[in-house]
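**Student:** Structure incoming, see below.
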Amino acid sequence: MSEESDFDRDFAFQVLKKLCRIGSRVVASEGEAKSAKLIAKYFKEFKLSGIEISKYPFRFYDGQEGTIALPYTRKLSGVPCWMSASTPDHGIDAETLYIGTHHNLSKYTKEDIEDKIVFVLLGQQYMPDVLEAWDKLFSMNPAGVVLLDRERDEAPRAYNYQKLDDTFSKAPSMTVSAKLAGSLHHLMFGSKMRITVRGQAKDGTLHNVLGRIQGRLDKTVIICAHHDTVPFTMGATDNAAGVAIVVELARLLSDQNLKFTYQFITFGGEELEMKGSQRFLEDYNLGNVVLCMNFDSIGALPGEVLALTAGPDEMIEWVTGLAQTNKYPTRCRRVATSGGDNIPFTVRGIPTIHFASMGTTTEKVAHTAKDTIYNLSPRALFEVGNFAERVLESLETSESIPFKVEVPEDLRDAAKKRIDLI
């Protein structure tokens, strides 16, 4: 590796654009299969060894439409919830009821809810009290449920959550941006309204893509990202950008004389409880893995490059030292519950670094139709990729691994609780 960065942001951006052109890459869908083939093609081009597309049967939801009819023939578009029941093609008409947050549900009886289109403010999606509230709400036989997403200005988040499969399948349900829903607020209190939700559960295949560069030592560094998306988005920042960095790092390292062995992986199913990485860990022997580097939610600058690190104190100090000497604002934090596919590795005692970029855009567009290449800075690919390259260079040139290959119990416990929650 040279002292000057060889990270090719233009090539990485071309990879990102090709992934985005595929469109939505929902796990086990045709789009996800296409992205897996594209990534494997790059690995073959770089002459990686052990190239494999691992396949696992998986049931997914093909959401097609979520709309609310407004006066004067206007329609407000939403996103069907994962495994939502469908309405007839022409929709359903019912009286509306607004209940505010899920905390207010205790004020209502089944008689209040039954056969009505219920509007609820959507808060923390995965908290136990929220899940209990949804189970209770859907058991009261509403005609439909509209979740108002308070955290997105225009495009609502997709609500993907397998633990709610049986719940959402009981009634048509979708998310709608709370800001856009302001145009129908006066219609939520006993008016008649029509909603249309269409989608279908299908059997498909989850894909993990693997490729390896053999080093001189029998010590492995995993470099990974997820290639799947939530529905109704091209997923530029989440996570075509992360995949593009992984592919570029594979290109960059492919002709090097390396000390460590590098296992490159892109996972399917991160957006559904990290299913791809968890399946990989069930099949893979981690005995010689010393570090996992994961890339997810990248593209929003100006802001900061984040290195969210779960490992022993000396590892935190090592990454922090590299961050402090980086030209672009870069911050290391000790945390085990941020990111995605890095978390199952933390649970198994593998030190992890989750690379991301924090800016004003990522939080607003992630998991929405607004997550396009137009909200992404190509510069962010370089800044994150360049810092990752510096981490790898430091690892390669150190006389020994600069940290113990272990994860403190408090971080492992936090990561396990995070996985148990989702």
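**Student:** Which option, [x] 1.08; [y] 1.01; [z] 0.94, is the value of Rg/Rh (Cα atoms, Kirkwood Rh) that was calculated from these coordinates?
**Tutor:** Derived directly from the coordinates: [y].
**Student:** Dipole of region 62-198, Cα-centred, from +1 at each Lys and Arg C-beta and -1 at each Asp and Glu C-beta, to the nearest 20 debye?
**Tutor:** 320 debye
**Student:** Please give, to one decimal in nm, the separation of the simple spin-label points placed at residue 70 and residue 285, each 7 Å out from Cα toward the Cβ.
**Tutor:** In this crude label model, residue 70 to residue 285 measures out at 6.0 nm.
**Student:** Follow-up question, since we're still on this one. Each residue of region 411-419 in order: what ³J(HN,Hα) in whole Hz does its phi give by Karplus 6.51 cos²θ - 1.76 cosθ + 1.60, θ = phi - 60°, with x for Gly and Pro?
**Tutor:** 6, 5, 5, 5, 5, 5, 4, 4, 5
**Student:** Taking amide H positions as placed in the peptide plane 1.01 Å from N, state which residues far from residue 145 in sequence (5 or more) or on other chains have amide H under 5 Å from it.
**Tutor:** 118, 173, 174
**Student:** With the contact rule set at Cα under 8 Å and sequence spacing of 6 or more, what percent relative contact order holds for the chain?
**Tutor:** 20 percent
**Student:** Based on the alpha-carbon set only, what is the convex hull volume of region 62-198 divided per residue, in Å³?
**Tutor:** 94 Å³
**Student:** For the chain, take the longest principal axis of its alpha carbons; what is the angle in degrees between that and the long axis of helix 241-253, to the nearest 10 within 0 to 90?
**Tutor:** 20 degrees
**Student:** Beyond a 18 Å Cα-Cα separation, which of these cross-linked pairs lie in this structure: 55/275; 17/202; 17/370?
**Tutor:** Distance filter (> 18 Å) returns 17/202.
**Student:** Pick out, from 291, 332, 394, the residue whose Cα sits farthest towards the positive end of the charge dipole of region 273-418, with +1 on the Cβ of Lys and Arg and -1 on the Cβ of Asp and Glu.
**Tutor:** Of the options given, the answer is 332.
**Student:** Of the listed pairs 116/163; 41/163; 327/417, which have alpha-carbon separations greater than 31 Å here? Write out the running numbers ahead of the final one.
**Tutor:** Details: 116/163 24 Å; 41/163 34 Å; 327/417 36 Å.
As for pairs spanning more than 31 Å Cα to Cα, those are 41/163; 327/417.
**Student:** If I model a spin label at residue 393 and residue 216 as a point 7 Å from the Cα along the Cα→Cβ vector, what separation in nanometres do I get?
**Tutor:** About 1.9 nm, to one decimal.
**Student:** Order of 212-225, 101-114 by packing, highest average Cβ count within 10 Å first?
**Tutor:** 212-225, 101-114
**Student:** For region 388-403, just list the computed ³J(HN,Hα) in residue order, Karplus coefficients 6.51, -1.76 and 1.60, θ = phi - 60°, integers in Hz, with x standing in for Gly and Pro.
**Tutor:** Going residue by residue, I get 4, 4, 5, 4, 5, 4, 5, 5, 5, 8, 6, 5, 9, 4, x, 6 Hz, with x marking Gly and Pro.
**Student:** A further question follows. Can you tell which of 97, 180, 87 lies farthest toward the positive end of the dipole of the chain, using +1 and -1 charges on the Cβ of basic and acidic side chains (Lys, Arg; Asp, Glu)?
**Tutor:** Looking along the dipole axis, the top candidate is 87.
**Student:** Multiplying the sequence separation of residue 106 and residue 179 by 0.36 nm and subtracting their Cα-Cα distance, what value in nm do you get?
**Tutor:** The span from residue 106 to residue 179 would gain 23.7 nm if fully extended.
**Student:** Once the piece of chain linking residue 126 and residue 334 is laid out straight, how much longer is it, given 0.36 nm per residue of separation minus the C-alpha distance between them? Walk me through the numbers on the way to the answer.
**Tutor:** Numbers: separation 208, 0.36 × 208 = 74.88 nm, distance 2.28 nm.
Between residue 126 and residue 334, full extension yields an extra 72.6 nm.
**Student:** Which order do the peptides 374-387, 261-274 come out in when sorted by mean C-beta neighbours inside 10 angstrom, highest first?
**Tutor:** My ranking of the peptides, most packed first, is 261-274, 374-387.
**Student:** Starting from the amide H of residue 229, placed 1.01 Å from N in the peptide plane, find each other amide H under 5 Å away whose residue is 5 or more places distant or on another chain.
**Tutor:** Here 25, 26, 27 satisfy the definition.
**Student:** May I ask you to evaluate 6.51 cos²θ - 1.76 cosθ + 1.60, the Karplus curve with θ = phi - 60°, for each residue of region 177-191 and list the ³J(HN,Hα) values in order in whole Hz, giving x for glycine and proline?
**Tutor:** 4, 4, 5, 5, 5, x, 6, 10, 4, 5, 9, 8, 10, x, 7
**Student:** Continuing with this model, one more query. Under a cut-off of 23 Å between alpha-carbon atoms, report the lysines in cross-link reach of residue 404, not counting same-chain residues fewer than 8 places apart.
**Tutor:** The reachable lysines, counting only those whose Cα sits under 23 Å from residue 404, are 219, 259, 416.
**Student:** Name the long-range amide H neighbours of residue 62: under 5 Å, sequence gap of 5 or more, or other chain; modelled H, no Pro or chain starts.
**Tutor:** Those qualifying (amide H under 5 Å, at least 5 residues apart or on another chain) are 200, 201, 202.
Read the figures in this text as sums done on the coordinates, not as results from a lab. Owing to the predicted nature of the structure, the values given are computational and were not obtained by experimental measurement. Neighbour counts run over all protein chains shown; Cβ positions are idealised from the backbone, glycine included.
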